[in-house]
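The values are calculated or read from the model by the stated rules, or taken from the named source; none is laboratory data. Small disclaimer: the values here were computed from a predicted structure and weren't measured. Positions of Cβ are generated from backbone atoms using ideal geometry, with glycine treated the same way; all protein chains shown enter the neighbour counts.
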Amino acid sequence: MFNGRRWLVPVATLTVLGSLVAGCGSSNNAGGTTPQQGGTATWAELSGASPNWIFPFVDSAHNSVNSVTQFENLMYRPLYWFGNGNQPTINDSLSLAAEPIYQNNNTTVVMNLKPYVWSNGEKMTAQDVQFWMNMMFAEKANWAGYVPTEFPDNVKTVTVTSPTQITMTLDNTYSNTWFTGNELAQITPMPLAWDKTSDSAAPGSGGCSTDQNKCDAVYQYLYNKSKNLSTYQSEPLWQIVDGPWKLKTFDSDGNVTMVPNPTYSGPVKPKLAEFKELPFTSDTAEFNVLRGGNTINVGDIPITDLPQRSVTSSSPLPDHNPMPSTNYTYAPNYVWGWSYAPINYANPTYGPALKQLYFRQALQLTIDQKTDDQVAWRGYAVPMTGPIPTAPPNQFASQAEQGDGPYAFNIGRAKNLLTSHGWTMQNGTMTCTSAGSAPNQCGDGVPAGQALHLTLEYANGVKSVDQIVQQWKSDASQAGIDITINAQPFNTVISDTTSCGQKASTCGWQMALFGYETYGAVPTGDPFFLPGSAINYGSVNDPHLTDLTNKTLHDGSMTTFHQYVDYVAQQLPGALNTPDSYFVYAYSRNMGGVAPFNPLGVITPENWYFTK
Amino acid sequence: MAAYLVRRVLQSILVILLVSLVTFTLLHLLPGGPARAILGPRATSQQLQQFIVQNHYDKPLILQFGLWFNDLLHGNLGYSYHLNENVASLIADRLPKTIVLMLLSIVVALLIAIPLGVYQARKRNTVGDYVLTGFSFLFYAMPSFLLGLLLIILFSFVLPWFSPEAPQSDSLGAILADGNALVLPVATLALITIAAFSRYTRSSVMENLTQDYVRTAAANGAKDSRIVVKHVLRNALIPVVTLLGLSLPALFAGALIVESVFNYPGMGFLFWQEAIVRDYPVLLGVTLVVAIATVVGSLLADIAYAVLDPRVKYA
């Protein structure tokens, strides 16, 4: 899926709260609540993050939330829509097909299309799905969401069984929740009018919708079309949509105007006359315009411009109005992802120590997430107590993650864990004085005399993160763990933090911090913990965890899923939890239908309306 | 003069080449190559390798430079994956915006700074001179983001007179027509620049006012205003012209902070944004444009110097 690691990109959910912040004076829409037709609503893009790719079969180089979920999906709908209120669950109403039917011990999937129509008048058929799947088979290396052994490698056959039905056979039994949410949700049916290799060719002449061997030329044609930003608004291909919106204007700066697709056959027709996305060069610029109150209808408020939220507040929103006017209503926007600091089992010096559970526990105990929330994130963060975010409340978070979780900040406990495992405080730093693998010794491979001088490499540029690492360094030193912090540009950190595998002898990084990883609809751990996975940075290879992770892919029960979550929350494999900040969004008081936002970062302006 | 110009142009080409080579080398020495920056942490090793080969990052540095230079000679500055646009198009889109903003701010700064400098020179060591010097230093020392934000708070929020963001149109005509939105970004840049120009003008005018030709003109009965405007100013502006020539690179490089605060995506913002993601083609393209502006600016300053001061002869 379109997962990615970023600092603070709002991907998530708006828990909403039709109710608002007490004291904000903005608890109701101004001037009434009756929806009216028409009007132009403006959405503030995140700073420096404008859409610039329109072809929904997106490669890694062009994959971004701003291009896919906040631009393409408004025009070209995925087969299965995820995001239901503030939950990352399937939304049957907005999906193009009825819920898939799993048969033969979940090795066969049958999908029945709803009667959707493309804006050129053609009916959406199973061939349109086949078109996508053929391209997926042929061009999987160019698909941003491709994970070896997963979609489409786990699909044996795809058969159009009727104009409205398509059947897949799978190579194994899969969890229907996972397969629908993280695999089938990647499918975006494409119109046959796109199946060609030149402007003058007839629709369907490319042959990709029937023969995957012919897909490369079609892919190249569409890819090159998508590279031409200046033709987005005029290119007839891109005007054939099945979503509620059509592109009216587009420029390379990121100014986007969409108008309703008059032939949209989905359940919610847009009420707005126009929907605009506005680009911004910085958070400051966006907030200045938002404060002006006349240009932006929906936009986020930078953390630095939010008032300190009280630690005792039960609301996730500011304690008082963050803006001079009462023109806006506020709502939180949570991140559906995992905020964590990878640790490197393969580091030649500290890898053996980092592999010890007690040692990871001690490190986790020195991270004061509550202080980080209050000081670094000004009260707009939620502690991560395991791999699944606990806000908004959701079915995936396990019991072990509730409350303060298993490893709430406790320096005394961290020290005890170290001293009870063969470490002694020497000159303010814990030093291994009892090497060996007995329960009261430092652990396998940890040499006697090794002092705890760890290095944390982190992505600079975000003041809150600077504060978090400083706080951690200070707290860890009290437990005898000396952390050297090394600030580097984001891309240097993600380049350094690679899974070392066979190159362990030269694997220099020890701990890293560069943001969070977003999840697909089902927050499984396969990318993080399966040996050899792309973002198994710390080279975790734990057979029990591999087994638990694999089970979540093949068994859809929540019990199985929670066993995986509990294990990760307890064992801290290759990762320490760090607080997960969320966004506060402002939207015009005379608007409705805006909140809650989709938990996976998509926006649905067809739900928005002005009130009278 | 012609021979001098030819020699300077040839020197300039050499300088531009060297700047390109040095920039190219330095960029490629940065830790963490472009592949992971562009493709993201989840890219498979196969995808990373494909990207590296496709963009020749696997070849020796000098060969990469040769390929880039060959493309350059064919008018191809490369392609930005991050922005999905040709570098030439990006520059063509951003450069006019930057030039408009910077040019307007320089013109405004000159229109204010020159009379100010003359006034201060003629009224030197008076209260007026001290006050204006104080303001000049204040604005000169003030970071542009702070000044920009102060102006926004004062003139957009407290007194809602001007737009807090610069013009958002892509067309130059529309940008120029949106005078209200231009006021604050232009004022921010101009206020910071005024100090430099006015101080140069002040000291230069002061120096010229003590020259013999001024006394001679006064002895011949010329009015003070005529002496200053007709005689002193022409001589006094020579150093300002040099300063103007050296401002040319800034005209092309843009003003990152002001562009960022006022939501005006120009060259400065483009360079910064792409530096973060190791977008080599954009960085090289922008550097090349700024390098050309620098040598051309320097050349123009020399030529202007000769035009303004007949004593200067270039052999």
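Looking only at residues of the stretch B:37-54 that are part of a helix (DSSP H, G or I) and aliphatic (A, V, I, L, M), we find that the one that is surrounded by the fewest Cβ atoms within 10 Å (Cβ to Cβ) is B:53.
A quick yes/no check of all residues on (1) away from chain B (no Cβ under 14 Å); (2) touching a strand residue (DSSP E or B) at 6+ places or on another chain (Cβ under 9 Å):
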{"residue": "A:456", "(1), (2)": "yes, yes"}
{"residue": "A:460", "(1), (2)": "no, yes"}
{"residue": "A:464", "(1), (2)": "yes, yes"}
{"residue": "A:471", "(1), (2)": "yes, no"}
{"residue": "A:493", "(1), (2)": "no, yes"}
{"residue": "A:498", "(1), (2)": "no, no"}
{"residue": "A:511", "(1), (2)": "yes, yes"}
{"residue": "A:526", "(1), (2)": "no, no"}
{"residue": "A:532", "(1), (2)": "no, no"}
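Residues in the stretch B:18-36 include none that are loosely packed, with under 15 Cβ neighbours inside 10 Å, within 14 Å of chain A (Cβ to nearest Cβ) and at pLDDT 90 or above. Listed conditions (1) of a type outside the set (A, V, I, L, M, F, W, C); (2) without any contact (Cβ under 8 Å) to a residue 12 or more places away in the chain; (3) buried (at least 18 other Cβ atoms within 10 Å of the Cβ) are all met by residue B:220, apart from (3). Looking across the stretch A:134-192 at every residue that is hydrophobic (A, V, I, L, M, F, W, C), out of contact with any Gly (no Cβ under 9 Å at 6 or more places or on another chain) and in a helix (DSSP H, G or I), the one that is farthest from residue B:50 (Cα to Cα) is identified as A:184.
For the stretch B:245-263, a tally of residues being of a type outside the set (A, V, I, L, M, F, W, C) and within 7 Å of chain A (Cβ to nearest Cβ) returns 3. Taking the criterion of being touching a residue at least 40 places away in the same chain (Cβ under 8 Å) and under 26 Å from residue A:259 (Cβ atoms), the residues of the stretch A:83-111 that qualify are A:83, A:93, A:94, A:96.
Annotation: of all residues in the stretch A:245-268 being in contact with a helix residue (DSSP H, G or I) (Cβ under 6 Å, 6 or more places away or on another chain) and more than 14 Å from residue A:76 (Cβ to Cβ), the one that is surrounded by the fewest Cβ atoms within 10 Å (Cβ to Cβ) is A:268.
Reported count of residues in the stretch A:284-307, each being part of a helix (DSSP H, G or I), more than 8 Å from every other protein chain (Cβ to nearest Cβ) and crowded, with 21+ Cβ neighbours inside 10 Å, is 3. Inspection of the stretch A:229-236 identifies at least one residue that is within 11 Å of chain B (Cβ to nearest Cβ), out of contact with any Leu (no Cβ under 8 Å at 6 or more places or on another chain), without any contact (Cβ under 8 Å) to a residue 24 or more places away in the chain and among the small types (Gly, Ala, Ser).
Out of the residues in the stretch B:55-71 that are touching a residue at least 40 places away in the same chain (Cβ under 8 Å) and surrounded by 17 or more Cβ atoms within 10 Å (Cβ to Cβ), which is farthest from residue B:248 (Cα to Cα)?
The first filter runs over the stretch B:55-71 and keeps only residues touching a residue at least 40 places away in the same chain (Cβ under 8 Å), leaving B:64-65, B:68-69.
Next, only the ones that are surrounded by 17 or more Cβ atoms within 10 Å (Cβ to Cβ) stay: B:64-65, B:68.
Numbers: B:64: 30, B:65: 27, B:68: 26 Å.
Residue satisfying both the conditions and the ranking: B:64.
Condition first: at pLDDT 90 or above and either surrounded by fewer than 17 Cβ atoms within 10 Å (Cβ to Cβ) or among the polar types (S, T, N, Q) (or both). Now tell me which residues in the stretch B:75-87 satisfy that. Answer for the stretch B:75-87, where residues must be at pLDDT 90 or above and either surrounded by fewer than 17 Cβ atoms within 10 Å (Cβ to Cβ) or among the polar types (S, T, N, Q) (or both): B:76, B:80, B:84, B:86.
If you go through the stretch B:39-55, how many residues are more than 7 Å from every other protein chain (Cβ to nearest Cβ) and among the charged types (D, E, K, R)? Residues flagged as more than 7 Å from every other protein chain (Cβ to nearest Cβ) and among the charged types (D, E, K, R) within the stretch B:39-55 amount to 0. Checking each residue in the stretch B:150-175 for being within 17 Å of residue B:105 (Cβ to Cβ) and either modelled with pLDDT of 90 or more or surrounded by fewer than 13 Cβ atoms within 10 Å (Cβ to Cβ) (or both) picks out B:150, B:151, B:152, B:155, B:162, B:163, B:165, B:166, B:167, B:175. Considering (1) within 12 Å of chain B (Cβ to nearest Cβ); (2) over 29 Å from residue A:81 (Cα atoms), the lone condition that residue A:484 does not fulfil carries the number (1).
Where helices (runs of 4 or more DSSP H) sit wholly within the stretch B:60-171, those with at least 1 residues that are more than 30 Å from residue A:296 (Cα to Cα) and among the hydroxyl-bearing types (Ser, Thr, Tyr) occupy B:87-122, B:127-141.
Can you name every residue in the stretch A:399-414 that is buried (at least 23 other Cβ atoms within 10 Å of the Cβ) and within 23 Å of residue A:520 (Cβ to Cβ)? Once the filter is applied, which keeps residues that are buried (at least 23 other Cβ atoms within 10 Å of the Cβ) and within 23 Å of residue A:520 (Cβ to Cβ), the stretch A:399-414 yields only A:401.
To keep it simple, each residue is scored yes or no on (1) within 22 Å of residue A:361 (Cα to Cα); (2) acidic (Asp, Glu).
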| residue | (1), (2) |
| --- | --- |
| A:517 | yes, yes |
| A:539 | yes, no |
| A:550 | no, no |
| A:556 | no, no |
| A:584 | no, no |
| A:598 | no, no |
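Of the residues making up the stretch A:117-126, those that are in contact with a helix residue (DSSP H, G or I) (Cβ under 9 Å, 6 or more places away or on another chain) and surrounded by fewer than 20 Cβ atoms within 10 Å (Cβ to Cβ) are A:119, A:120, A:122.
Would you be able to say whether some residue in the stretch B:56-72 is within 14 Å of another protein chain (Cβ to nearest Cβ) and over 30 Å from residue B:257 (Cβ atoms)? Looking through the stretch B:56-72, at least one residue is within 14 Å of another protein chain (Cβ to nearest Cβ) and over 30 Å from residue B:257 (Cβ atoms). Among the residues of the stretch A:174-226, the one identified as aromatic (Phe, Trp, Tyr), crowded, with 22+ Cβ neighbours inside 10 Å and more than 23 Å from residue A:147 (Cα to Cα) is A:194. If you go through the stretch A:347-373 and keep only what is of a type in the set (Val, Ile, Thr) and in a helix (DSSP H, G or I), you end up with just A:371.
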